[in-house]
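Remarks on the structure that follows.
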Amino acid sequence: MRISPVLLEDREAYLDCWEAVADGFEKNFAFSWAFDAQGQHFLNLHAFVLTAEEAAAICEAQRRVTELFHAVALFLDSHPEALDALGIPDILKPQCLRRPLPYLTALGRFDWYLTTAGPKLLEFNSETPFGQMEACRLQPELARLFHPDLADPNRDIADRLGEGLRDSFRRQGGTSASVVAIVGFCADPEELAILTLIRELADYPCPVLIGDVQALSVNHAGQLCLGGAPVDLLQSFYSVEWYARDPGGPQFVDCLAQGRVRLINPPSTLIQHSKALFALLWLIAPQLAAPLRQTVERYIPYTALDPDPLLGRPALIKPMHNREGLGILYCESLSLHDVTRDDVIYQERVDAIAVPFPTMRNGRFRERRLLPTIGAFCAKDELIGYYTRFSPLIAGPRDVCWAPTLIEGN
C-alpha cells in the first residue's frame, strides 16, 4: 500500500485545487466537513492505493469472516445464553435471534487494518456506518479528476448500496403503501446531509420521512411515529440498543416484537456489532469446523472477557458500550492495576502498518506516519467499496483524515 500524492511539490497549486473541489462538493453534495477541529484537511486529494494483492486479501478475509459470523448466529440459536456475554440488553435478546434477512445486514462496514501477517478485523460496524458521502460521491469524483491511472473499487457502490437497502425493505414486507423513516441527529449538518443522501440512494418506492431521533414516539395504538406520523419501517444510525435503554424503550421494543415496525438493519446486527463478539469467537473456536477456526485465528485479534490470558502483553482495554475509538486504554504490558472496570474486553495489540501521509494543516504540508483503518462497505454480504480513514492510532477518533481508496491498475 502507498499514497498517490497530488501536486505535492506545489503547495499553492494543491490548495487551489483543494479549495475548488471542497467548494464544489459543498455546493453539489452538502459536504461541509472538509476540515477537522484542528484545522487539518479531513478531505484529501491524495489517494490511498492498495495493490491488487492487498485488495484481494481483504476481499478474501471479508468473505471468510462473513461465513464465520453466519456460523455464530447458528451457534446462538442453540446457545442463546451466550447473548449474556455479548452485553445485549435482556429486552432485545429475542429480537436478536430473529433473522429476517439471509445476509448479515442491509448496510454495514467491516473495518480492517493491515499487519505484516495480512488483514486483521477491527470491528464490524453495523449500527453507525457513516462514510457514505465520501465513499459514494467524493471518491469517484476524485478518482476521475486526479487518479485516472488507478482503479476505483467504488465505481458502482451507490447503486449496490441502494439495492441492498431496497432488498431489505422488500423482504420485510415494505410496499408502495408503506412509510419509511430515516432518523438521526438532524441538528448536525453532517448527519443531516448523510441522511438525505441515504434517502436518495435507497430510492424506496414509498413515502420517506427524515427526522430526529428525539421526534420518535409510540402512539396510543402502539405504532411508532415520527413527529406524530406513523411509520412502518425505520432506518436509523442510532443503535437499537440505545433505543432500548432510552425512556420509552420498552414501548419501542414492543413495536418490534409485535411487528408494527421493522428495522432496515434488523436487531440481529447487534450480535456482530458487540465489542465482546471477538471474545465469544475465541471461546467457541475449538467447537467450530476447521475452516472457521482458522478464520478466527487468522483474522480476529485475540480477545478475552477477563485479563488473565493477556497479562504482561501489549493489549487494549475496550469499553463494551462505547463507539470504537472512545475510552480505549492502550497498555504496553497489561497488568492487574489496569483493570478498573467490569464492562470491558481485553484484546491483544497487533500493530498495523503505517504509511507516510502528507497532511495539510494551516496551509502547510507535514508528512506523518499514519495508520489506515480500511472500512469495507458490505451489502447483501458482498464487499461493495471502501471508506478509509487515517489517524495516529488505529482506533483513534481524533486527528482523523480521509482519502479515496484506489487499487493499482485500471
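The values are calculated or read from the model by the stated rules, or taken from the named source; none is laboratory data. Everything numeric in this text was worked out from a predicted model, so none of it was measured. Reconstructed Cβ throughout: ideal geometry from the backbone, glycine too, with neighbour counts over all protein chains shown. Just the protein is used for accessible areas: all its heavy atoms, side chains included, with ligands, DNA and RNA removed. Shrake-Rupley method; radii C 1.70, N 1.55, O 1.52, S 1.80 Å.
Listed values, structure above:
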{"quantity": "Test: residue in segment 335-344 that is free of Cβ contacts under 8 Å to residues at least 40 places away in the same chain and in a strand (DSSP E or B)", "calculated": "yes"}
{"quantity": "Scope segment 372-385; condition over 24 Å from Pro148 (Cα atoms) and touching a strand residue (DSSP E or B) at 6+ places or on another chain (Cβ under 6 Å); matching residues", "calculated": "Cys378"}
{"quantity": "Those strands (runs of 3 or more DSSP E) lying entirely in segment 100-204 with at least 1 residues open to solvent by 10 Å² or more (accessible area, probe 1.4 Å)", "calculated": "108-115, 118-125"}
{"quantity": "Condition broken by Tyr243, with the remaining ones in (1) part of a helix (DSSP H, G or I); (2) more than 15 Å from His321 (Cα to Cα); (3) not aliphatic (A, V, I, L, M) satisfied", "calculated": "(2)"}
{"quantity": "Criterion violated by Phe390 - all others in (1) open to solvent by less than 70 Å² (accessible area, probe 1.4 Å); (2) out of contact with any Cys (no Cβ under 7 Å at 6 or more places or on another chain) satisfied", "calculated": "(2)"}
{"quantity": "Residue in segment 164-177 that is in contact with a strand residue (DSSP E or B) (Cβ under 8 Å, 6 or more places away or on another chain) and of a type in the set (Val, Ile, Thr) present", "calculated": "no"}
{"quantity": "Ala106 vs. criteria small (Gly, Ala, Ser), modelled with pLDDT of 90 or more and within 30 Å of Pro358 (Cβ to Cβ)", "calculated": "no"}
{"quantity": "Criterion: β-branched (Val, Ile, Thr) and touching a strand residue (DSSP E or B) at 6+ places or on another chain (Cβ under 8 Å) - qualifying residue of Thr340, Thr388", "calculated": "Thr388"}
{"quantity": "Tabulated pairs, segment 18-34, first over 20 Å from His46 (Cβ atoms), second acidic (Asp, Glu) and open to solvent by 90 Å² or more (accessible area, probe 1.4 Å), C-beta under 7 angstrom, 6+ apart or interchain", "calculated": "Ser32/Glu26"}
{"quantity": "Residue check for Phe42: at negative phi and touching a Cys at 6+ places or on another chain (Cβ under 6 Å)", "calculated": "yes"}
{"quantity": "Selection from segment 274-299 of residues that are crowded, with 21+ Cβ neighbours inside 10 Å and not in a helix (DSSP H, G or I)", "calculated": "Ser274, Lys275, Ala276"}
{"quantity": "Flag if Leu256 is crowded, with 23+ Cβ neighbours inside 10 Å, more than 22 Å from Phe124 (Cα to Cα) and in contact (Cβ under 8 Å) with a residue 12 or more places away in the chain", "calculated": "yes"}
{"quantity": "Test: Ala56 is small (Gly, Ala, Ser), buried (at least 17 other Cβ atoms within 10 Å of the Cβ) and either touching a residue at least 40 places away in the same chain (Cβ under 8 Å) or assigned to a helix (DSSP H, G or I) (or both)", "calculated": "no"}
